[in-house]
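*Asks:* Following this message is one structure expressed as structure tokens.
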């Protein structure tokens with residue numbers, strides 16, 4: 001097939017290719033880009049077309065393959081198109097980098113609340129938090145088991161109250 005014949009056949013399919021491109025992309029600009037890429041690939045690979053075969057099917061297959069390859073690239077990059085005025089690509093896989101700053105701030109505040117507890121409540125509570133069992137705490141502090149349990153209970157109750165006062169206006173996300 002000569003270059004002129006090839007170009008004429010391709011030009012005759014322009015409307016079909018453009019509508020197929022729009023059907024795949026659902027976006028006019030992306031459809032135009034897909035049509036141009038298909039035209040480029042078809043023209044640069046015209047020597048691979050075998051005369052006597054279906055030219056329309058050959059070009060539509062090129063377009064479909066280009067679309068699939070582009071889709072896979074976008075899925076692999078996990079990017080989506082942001083339709084703001086600036087048209088930036090944004091990364092959708094992980095919108096924020098986890099740096100634990102908020103968690104660290106909350107833990108610092110909680111540690112401060114624990115430090116502000118009365119020593120009679122704070123010491124048994126911290127020992128229990130570290131992993132001591134009630135009986136071990138009672139033995140180390142030379143206190144009855146019931147007293148240790150109540151002090152830990154009252155420490156939790158006071159911390160819970162402090163946390164509720166501190167974060168009363170905030171709602172969980």
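*Asks:* Regarding the chain, what's the average projected area of the Cα-atom convex hull, expressed in nm²?
*Replies:* The orientation-averaged projected area of the Cα hull of the chain comes to 18.5 nm².
*Asks:* Using helices alone, what [θ] at 222 nm do you get for the chain, with -39,500 (n - 2.57) per DSSP H run of 4 or more residues, divided over all residues and rounded to the nearest 500? If you can, show how the numbers build up before the last one.
*Replies:* Values: 8 runs with 119 residues, N = 173.
After summing the helix terms and dividing by the residues of the chain, the value is -22500 deg cm²/dmol.
*Asks:* Moving on. Normalise the Cα radius of gyration of the range 101-166 by 2.2 N^0.38 Å (N = residues in it) and let me know the number. Can you show the working numbers first?
*Replies:* Numbers: Rg = 12.7 Å, N = 66, 2.2 N^0.38 = 10.8 Å.
Taking N as the residue count of the range 101-166, the ratio is 1.17.
*Asks:* What ranking of 163, 152, 68, 130 emerges when the number of other C-beta atoms within 10 Å of each C-beta is taken as an exposure proxy, fewest first? Let's see the in-between values first.
*Replies:* Numbers: 163 14, 152 19, 68 11, 130 8.
Ordered by Cβ neighbours within 10 Å, fewest first: 130, 68, 163, 152.
*Asks:* Something else: Angle, helix 119-130 long axis vs. longest principal axis of the chain, Cα atoms, 0 to 90°, nearest 10?
*Replies:* Once rounded, the angle reads 40 degrees.
*Asks:* Could you please rank 16, 148, placing first whichever residue has the fewest other Cβ atoms within 10 Å of its Cβ? Could the numbers behind the result be given before it?
*Replies:* Numbers: 16 13, 148 25.
Arranged by neighbour count, lowest to highest, 16, 148 become 16, 148.
Coordinate-derived values only; no laboratory data. The structure displayed is predicted, hence computed values, not measured ones. Neighbour counts run over all protein chains shown; Cβ positions are idealised from the backbone, glycine included.
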